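The values are calculated or read from the model by the stated rules, or taken from the named source; none is laboratory data. Since we're looking at a predicted model, the values are computed, not measured. Quick reminder, even Gly has a Cβ in these numbers, built from the backbone with ideal geometry, and neighbours come from all protein chains shown. Ligands, DNA and RNA are excluded from the accessible area calculation, which covers all protein heavy atoms including side chains. Shrake-Rupley method; radii C 1.70, N 1.55, O 1.52, S 1.80 Å.
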Amino acid sequence: MNKALHQVGEYVMLMAKCISVPNRWSMFFKQLIKEIYKLGVDSLWIVIIISIFIGTVIAIQISLNISSPLIPKFTIGYTTREIILLEFSSSIMSLILAGKVGSNIASEIGTMRVTEQIDAMEIMGVNSANFLILPKMVGMMTFIPVLVIFSMFTGILGGIAASHSTGTGMTPASFEYGLQFYFNEFYIWYSIIKSVVYAFIISSIAAYFGYNVKGGALEVGKASTNAVVMSSIMILLADVILTNLMLT
């Protein structure tokens, strides 16, 4: 319990040190563009691939499990859309990104800590937390809505492809009607807002574990693992809280 409270205190103090006005805006924006490309653009391919396949599988599984003649066929498209918009493209995709992006941030900053690069920056009077962590946090929070929109689009495309190619009684016309049935555009904003919160959780927690590494290369690996595990737990907790706040 004491260790957990100590870690929370360290995390809050690190965020207070990190979230401040950069000393040199030109350097900050240069770092920001680099982090957006490294953390966001480089994650685009995995988001698109996973979303296409998951959208296809969701549509096929729903069509196979809805066998009652009392349930209209457009329910397949409607349910696929709701699953992708409400939960998959924001929460599940962020859990996947926690593994890719979170481990990247933790290992990068952790390596800088054990090789004493951060200590050298502190000696030179540079706010190392602000210089290293803030561009990563802002870059991730800026680009994640783009990843969410791509995930929604490609996931629904996967469902449409399934309606054209499988012999499960699902027709493209009924699937597309289900996609449009009772569409609520707030669900898109809901997913984007959630994803921005998740981006902050992933980047800040990963940065905390990397920044506070003590030891050598073995501890960097442990910090990377701890960052992914803790980010995933906090994403799920935030999902419950945000859903209760925004949808009830």
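In units of the compact-protein estimate 2.2 N^0.38 Å, segment 87-191 shows a Cα radius of gyration of 1.64.
Which residue fluctuates the most in the chain, going by a Gaussian network model with Cα springs under 10 Å, if the choices are 123, 52, 233? Result: 123 has the largest fluctuation of those listed. Summarised in one figure, the compactness ratio Rg/Rh of segment 49-138, Cα atoms and Kirkwood Rh, is 1.33.
The accessible area of residue 57, taken with all protein chains in place and a 1.4 Å probe, comes to roughly 70 Å².
Mean separation of Cα pairs under 8 Å and 6 or more residues apart, divided by the residue count, gives segment 128-231 a relative contact order of 34 percent. Karplus-based coupling profile of segment 19-28, in residue order and whole Hz: 7, 8, 5, x, 5, 10, 5, 4, 5, 4, with θ = phi - 60° in 6.51 cos²θ - 1.76 cosθ + 1.60 and x standing for Gly or Pro.
Between the helical axis of 217-247 and the longest alpha-carbon principal axis of the chain there is an angle of about 50 degrees.
When its C-alpha radius of gyration is set against 2.2 N^0.38 Å (N residues), segment 172-228 gives a value of 1.96. The fraction of accessible area contributed by carbon and sulfur in segment 177-248 is 71 percent, rounded to a whole number (1.4 Å probe; ligands and nucleic acids excluded).
Note on the chain: dipole from Cβ charges, positive end direction compared against 23, 61, 125; the farthest Cα belongs to 125. Stretching the chain fully between residue 64 and residue 212 yields a gain of 48.3 nm (0.36 nm per residue, less the alpha carbon separation). Over the chain, the fraction of Cα-Cα pairs per 5 Å bin, rounded to whole percents and listed from the shortest bin up, is 1, 7, 12, 15, 16, 13, 11, 8, 6, 5, 4, 2, 1, 0, 0.
Relative contact order of the chain: 35 percent, from C-alpha pairs under 8 Å at least 6 residues apart in sequence.
Once the GluC sites (Glu not before Pro) in DSSP loops with at most 12 neighbouring Cβ atoms within 10 Å are cut out of the chain, the longest remaining piece is 1-115.
Applying the criteria of a DSSP loop state and at most 15 other Cβ atoms within 10 Å to the trypsin sites (Lys or Arg not before Pro) of segment 5-63 yields 24.
Within the assembled protein chains, the solvent-accessible surface assigned to residue 220 is about 20 Å², based on a 1.4 Å probe. For the chain, the longest principal axis of the C-alpha atoms and the axis of helix 128-165 are separated by about 10°.
Shown here for segment 1-66: chymotrypsin sites (Phe, Trp or Tyr not before Pro) in loop regions (DSSP other than H, G, I, E, B) with at most 10 other Cβ atoms within 10 Å, of which there are none. Per q in 0.14, 0.17, 0.19 1/Å, what log10 I(q)/I(0) does a Debye calculation on the alpha-carbon atoms of segment 1-108 return? Log10 of I(q)/I(0), two decimals: -0.81, -0.96, -1.06. For the chain, take the longest principal axis of its alpha carbons; what is the angle in degrees between that and the long axis of helix 74-83, to the nearest 10 within 0 to 90? Helix 74-83 sits roughly 10 degrees off the main axis of the chain.
For the chain, the solvent-accessible area works out to 50 Å² per residue, with a probe of 1.4 Å and every protein chain left in place. Spin-label model, residue 71/residue 37: points 7 Å from Cα along the beta carbon direction are separated by 4.8 nm.
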